[in-house]
Amino acid sequence: MVFSSMLFVFLFLPANMLSQIFLSSPKAKNIAMLAFSLVFYSWAGPRYLLLLLGMVLICWLGAMFIEDAPEERRRLILTVTVALCLAILGVFKYLGFLLRNFQGLFGVPKAIPNIVLPIGISFYTFQLVSYVADVYRGQVEAQRKYWMLLLYASLFHQCIAGPIVRYKDVNEDILARETTPEEVSAGISRFAVGLAKKAVLANGCAVIADQLLVSDAQALSAVPAMGILLGAAAFTLQIYLDFSAYSDMAIGMGLMCGLHYRENFNYPYMSGSITEFWRRWHISLSSFFRDYVYIPLGGSRCGTGRQLLNLLAVWFLTGMWHGASWNFILWGLFFGALLAVERFVLGPDAQRWLPQAVRHGGVLVLVLFSWIIFKFTDMALLGTALKGLFGLNHNGFSSAAVSLLFKNNVYFLVLACAACTPLGKTLRTMLRNLGRRGGVMYWLDAAWEIVHPAALLVLAAMALVGDSYNPFLYFQF
Amino acid sequence: MKDRRDIARLVQAVKLIAFASVLAAMCALGLMLFLRPETSLQENRTLTKFPAVTLRGLWDGSFFSGVDTWYADTYPLREEMISAQKALESHYGRRSTQLIGGGGMVADAIPDAVPDTVPEPGVTAEPVATAEPTATPAPDGTVHAVGEFNGSIYITQNAAYGTYYFSQSGADDYISTMNQIYQNIGGKVNMYVMNVPLSSAVMLDRNVIADMGCSVESDAIDYIAGKLDPGIRNIRIYDNLLRHNAEYIYFRTDHHWTQLGAYYAYQVFCQLKGWTPHTLDQFRTREFGAGSYLGSYYRSANQSPELASAPDTVQAWYPMCVNADDPNARDMHMVQQDGSEYDWRIINDMFDYPDSEWYCVFSAADQPFCSLHNPDIHDGSAVMVVKDSYGNAFIPWLVDHYEYTYWVDFRYTNETVSHMVETYGVQDVIFESATFNATGDLVNGEFLSIGS
């Protein structure tokens with residue numbers, strides 16, 4: 001099940017909200033939340049649920065053993081537990097990829113097993129690994145109740161598409177949830193904004209991107225340079241709006257029932273450097289790699305060569321995390337290289353002497369380019385798209401079809417671009433500040449506050465009802 | 001300040017109530033199973049059924065994804081909500097001219113063709129008045145139209161045009177099949193081939209077509225004609241249609257031609273046969289679906305508001321040999337795919353069918369086999385039209401020239417042409433197909449099967 005389905009929004013969510021309103025004790029609420037989460041997760045097939053239950057069992061036992069074990073054995077138990085989790089992730093996510101490459105090089109094995117990637121496995125594996133590591137570090141106590149750890153890992157708000165929530169961030173909320181009218185109100189707004197962002201904006205951008213960045217090699221080679229550029233721009237908008245919408249909805253639903261998730265995005269396309277971009281994009285993932293890979297490897301407190309190696313290792317893994325395909329690895333290393341250039345070649349001074357518009361424009365160009373790499377898992381298609389971007393497919397600069405597609409969607413694209421900036425937030429703050437002075441603006445502010453979630457819900461329903469299947473881009477990661 | 005705080009709390013409460021009310025209302029609406037539609041008139045399809053419960057479906061999740069799809073697909077007021085969404089989307093940009101579904105289509109280059117050997121008919125068309133819309137809504141009914149159009153749609157000035165993409169392999173398969181059929185039946189009958197162009201080829205500037213990366217359809221028609229066996233007579237209708245492209249010869253919201261367009265094809269056929277074509281004023285005429293007909297392009301173009309603002313009218317001309325006045329008269333016979341047989345009308349009012357089906361007025365639409373006996377002719381003359389849906393508007397013009405007219409839709413018949421020619425003793429066989437069908441991969445399998 002995904003948040004952007006009619007069934008979720010108009011059946012599952014109301015039922016879940018009712019359970020959280022009418023059940024009084026935190027334990028009853030948690031049991032209900034667990035039941036809803038397991039149903040939510042099982043929606044893609046109960047067979048995946050067994051895997052989730054097993055992974056939670058491993059980490060539940062591992063964390064307790066770590067806590068109870070003498071100091072000299074704790075590290076070994078941590079290693080075994082994490083290795084088991086990563087091995088399961090590796091089998092389900094990377095084995096097919098590795099075997100395909102091995103077969104390509106050596107001709108064996110003859111047959112490659114078709115292993116289906118369980119939904120959300122990358123997210124909940126990382127959550128569980130972070131939990132076990134935090135127990136090892138003494139930052140949290142091991143959870144003695146299996147079902148409570150299962151609730152943490154399976155919480156439907158974030159189980160299948162993030163954000164990657166740390167146990168220490170939600171443990172207290174799970175144990176003793178408190179909701180305030182202000183937070184419920186903020187949660188409603190956040191959820192409605194996220195839903196509309198996904199259903200209207202992200203899906204609208206996808207329609208444009210899919211028309212131009214097609215998966216047929218012959219058709220793709222016929223798309224002129226401006227078509228590839230427009231398609232890449234639409235995909236750039238889509239991937240941010242899609243993914244951040246999911247996080248918005250998760251954060252919003254969390255607020256509605258007393259769970260506080262950290263922000264996962266902070267207007268990344270407003271960044272003035274790639275370093276800043278990664279501080280603003282998928283924050284829960286980049287902070288995971290920082291805290292559990294980069295810093296343990298030595299981080300930046302070592303020589304330049306080692307730092308460079310650490311950086312590339314982290315970005316190789318970041319690419320791998322996004323998918324078992326060479327394009328994702330290339331995408332990760334592309335960012336690793338950019339970050340290395342920023343840190344070791346340009347240095348922090350570059351941030352100062354380059355005009356902001358140039359820095360901002362440069363980041364957008366590089367990020368847009370990176371999303372083309374991200375889009376095509378087929379390397380031949382990726383090559384065709386990149387050639388097309390530079391006009392090397394000999395099909396001209398633009399075409400009537402591209403021009404029409406742009407004109408037909410020009411206002412929509414402007415709106416989608418605006419949605420990637422803090423403009424809406426700024427306007428909302430302005431209205432609120434004007435409202436504080438009283439008069440008409442006060443009532444306008446109040447009216448907006450009342451109307452916008454319901455109106456966005458209706459808008460989203462209109463967009464979703466004709467879209468019977470529209471999974472999030474990050475659904476399978 | 002206290003008042004302000006109270007008001008702020010009140011605002012929060014009202015906001016919560018408003019949001020919860022919408023959520024609850026939509027939830028309740030979704031639970032009203034009796035309100036759930038089973039078919040979509042706008043999309044011309046049967047909506048998703050509730051999935052069957054199977055152990056396998058439960059285990060692999062396909063049952064649950066089926067429930068998801070069913071829930072959204074049959075949600076009450078779905079069509080109204082989609083219409084509202086489409087109205088909203090019409091403001092996404094400047095949409096007076098649009099290209100819908102333009103991705104993924106690539107045209108093969110059309111090789112130089114041997115010049116068409118068929119002489120250009122010197123036909124002068126009669127001026128025809130197009131019908132003004134008058135609302136005549138039709139009740140619900142079964143969906144019959146075939147979704148045969150498989151390209152992208154260009155919309156300008158409230159009219160849609162299908163874009164044409166030539167497929168070399170598709171065209172060569174078609175030519176090979178036609179030549180094979182000619183080898184089988186050529187010695188027994190006169191064989192004619194007629195390829196009907198899309199409205200874009202006739203109505204749009206060639207530069208517009210070239211800019212969109214589409215093929216020039218008339219070149220494809222010439223290519224086919226140049227490769228056909230010289231014994232096959234080509235009914236080259238393109239130029240006569242082009243000559244009349246200021247008239248209402250194609251629908252704006254549907255991929256078919258009008259019966260007037262088919263009339264200009266009939267003129268060309270008469271020229272080939274050495275006949276004098278009947279003039280339009282010799283026929284009784286009637287309008288159907290006036291101002292309410294929104295055809296296949298409208299559906300394929302996501303219910304474009306630009307098209308909705310200019311609905312079509314179907315004008316039909318009754319053959320002289322049939323009784324146009326008696327609604328109970330039955331002048332033809334049809335056999336449906338399930339083998340059931342009916343007496344029918346060659347121009348049949350479609351009041352029992354949805355507005356989107358008005359093109360089915362003609363020739364009983366797309367059936368495996370139909371026939372009409374002209375009681376005014378007694379010379380044993382017989383023609384067979386092997387056709388797609390474009391042939392439906394063409395057949396009524398023919399029936400006044402033959403004692404027996406047979407027509408089969410090559411997409412639905414299981415018979416071979418050789419067998420049918422022998423069975424019915426026809427003298428003329430006309431193979432009509434839209435060029436996109438002839439040169440596309442979509443229906444060539446059907447051509448091959450009737451030619452075997």
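Listed values, structure above:
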item	result
Selection within region A:16-32 - small (Gly, Ala, Ser) and surrounded by 13 or more Cβ atoms within 10 Å (Cβ to Cβ)	A:Ser19, A:Ala28, A:Ala32
Counted residues, region A:1-39 - those being small (Gly, Ala, Ser) and in contact (Cβ under 8 Å) with a residue 24 or more places away in the chain	3
Number of positions in region B:376-399 that are in contact with a helix residue (DSSP H, G or I) (Cβ under 9 Å, 6 or more places away or on another chain) and not in a strand (DSSP E or B)	14
Flag for A:Ala350 being out of contact with any helix residue (DSSP H, G or I) (no Cβ under 6 Å at 6 or more places or on another chain), assigned by TED's automatic domain parsing to the domain that holds A:Thr236, modelled with pLDDT of 90 or more and of a type in the set (A, V, I, L, M)	no
Residue list for region A:430-440, restricted to those being farther than 14 Å from B:Ile7 by Cβ and over 33 Å from the mean Cα position of the chain (by Cα)	A:Leu434, A:Arg437, A:Val440
Which numbered condition B:Ser215 misses (of (1) part of a loop (DSSP other than H, G, I, E, B); (2) at pLDDT 90 or above)	(2)
Pairs with Cβ under 6 Å, 6+ apart, first in region A:439-455 and more than 10 Å from every other protein chain (Cβ to nearest Cβ), second in a helix (DSSP H, G or I)	A:Met441/A:Leu434; A:Met441/A:Gly435
Residue count for region B:1-27, restricted to those that are of a type in the set (D, E, K, R) and buried (at least 18 other Cβ atoms within 10 Å of the Cβ)	1
Where a residue in region A:364-384 is among the hydroxyl-bearing types (Ser, Thr, Tyr) and its partner, wherever it lies, is assigned to a helix (DSSP H, G or I), with Cβ under 8 Å and at least six apart	A:Ser370/A:Trp331; A:Ser370/A:Phe334; A:Ser370/A:Phe335; A:Thr377/A:Asn327; A:Thr377/A:Phe328; A:Thr384/A:Ala217; A:Thr384/A:Leu220; A:Thr384/A:Ser221
Residue satisfying all of: in region B:280-327; touching a Pro at 6+ places or on another chain (Cβ under 9 Å) and polar (S, T, N, Q); farthest from B:His255 (Cα to Cα) among these	B:Ser292
Close pairs from region A:133-151: first without any contact (Cβ under 8 Å) to a residue 60 or more places away in the chain, partner surrounded by fewer than 14 Cβ atoms within 10 Å (Cβ to Cβ), Cβ under 9 Å, at least 6 apart	none
Pairs where the first residue, in region B:185-201, is touching a residue at least 12 places away in the same chain (Cβ under 8 Å) and more than 17 Å from B:Asp428 (Cβ to Cβ) and the second is assigned to a strand (DSSP E or B) and among the charged types (D, E, K, R), C-beta under 7 Å, 6+ apart	B:Val196/B:Glu432
Residue in region B:309-334 that is nearest to B:Ala393 (Cα to Cα), counting only those that are among the aliphatic types (A, V, I, L, M) and buried (at least 18 other Cβ atoms within 10 Å of the Cβ)	B:Ala316
Pairs where the first residue, in region B:9-31, is facing another protein chain (nearest Cβ under 7 Å) and the second is among the aliphatic types (A, V, I, L, M) and not in a helix (DSSP H, G or I), C-beta under 7 Å, 6+ apart	none
Scope region B:54-88; condition within 8 Å of another protein chain (Cβ to nearest Cβ), touching a residue at least 12 places away in the same chain (Cβ under 8 Å) and out of contact with any strand residue (DSSP E or B) (no Cβ under 9 Å at 6 or more places or on another chain); matching residues	B:Val67, B:Thr69, B:Tyr71, B:Tyr75
Elements of type helices (runs of 4 or more DSSP H) in region A:1-97, at least 1 residues being within 14 Å of chain B (Cβ to nearest Cβ)	A:13-22, A:26-42, A:46-68
Yes/no for A:Phe123 being at pLDDT below 90, more than 15 Å from the chain's Cα centre (by Cα) and farther than 13 Å from A:Trp60 by Cβ	no
Residue within region A:406-426 that is within 9 Å of another protein chain (Cβ to nearest Cβ), among the basic types (Lys, Arg) and either out of contact with any Phe, Trp or Tyr (no Cβ under 9 Å at 6 or more places or on another chain) or surrounded by 14 or more Cβ atoms within 10 Å (Cβ to Cβ) (or both) present	yes
Qualifying residues in region A:202-259 (those that are of a type in the set (Phe, Trp, Tyr) and over 21 Å from A:Leu381 (Cβ atoms)) - the one nearest to the chain's Cα centre (by Cα)	A:Phe243
Selected residue (only one of A:Arg190, A:Arg166 is basic (Lys, Arg) and within 14 Å of chain B (Cβ to nearest Cβ))	A:Arg190
When residues of region B:193-250 are limited to those that are of a type in the set (Val, Ile, Thr) and more than 20 Å from the chain's Cα centre (by Cα), the one farthest from A:Gly396 (Cα to Cα)	B:Ile232
Enumeration of residues in region B:192-211 that are crowded, with 24+ Cβ neighbours inside 10 Å and farther than 21 Å from B:Thr258 by Cβ	B:Val193
Members of region A:392-402 that are without any contact (Cβ under 8 Å) to a residue 12 or more places away in the chain and either at the interface with another protein chain (Cβ under 9 Å from one of its Cβ atoms) or basic (Lys, Arg) (or both)	A:Ala400
Selection from region A:346-392 of residues that are among the aromatic types (Phe, Trp, Tyr) and on the phi > 0 side of the Ramachandran plot	none
Residue match in region B:291-308 (condition: of a type in the set (Lys, Arg) and surrounded by fewer than 18 Cβ atoms within 10 Å (Cβ to Cβ))	no
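Listed here are the residues, each with its yes/no results for (1) in a loop (DSSP other than H, G, I, E, B); (2) in the same structural domain as B:Gln367 (by TED's automatic domain parsing); (3) closer than 29 Å to B:Thr413 by Cβ; (4) in contact with a Cys (Cβ under 6 Å, 6 or more places away or on another chain).
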| site | (1), (2), (3), (4) |
| --- | --- |
| B:Asp254 | yes, yes, yes, no |
| B:Ala262 | no, yes, yes, no |
| B:Tyr266 | no, yes, yes, no |
| B:Asp326 | yes, yes, no, no |
| B:Arg330 | yes, yes, yes, no |
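The values are calculated or read from the model by the stated rules, or taken from the named source; none is laboratory data. Quick caveat: nothing in here was measured; it's all calculated off a predicted structure. Heads up, the Cβs are rebuilt from the backbone with ideal geometry, glycines too, and the neighbour counts pull from every protein chain shown.
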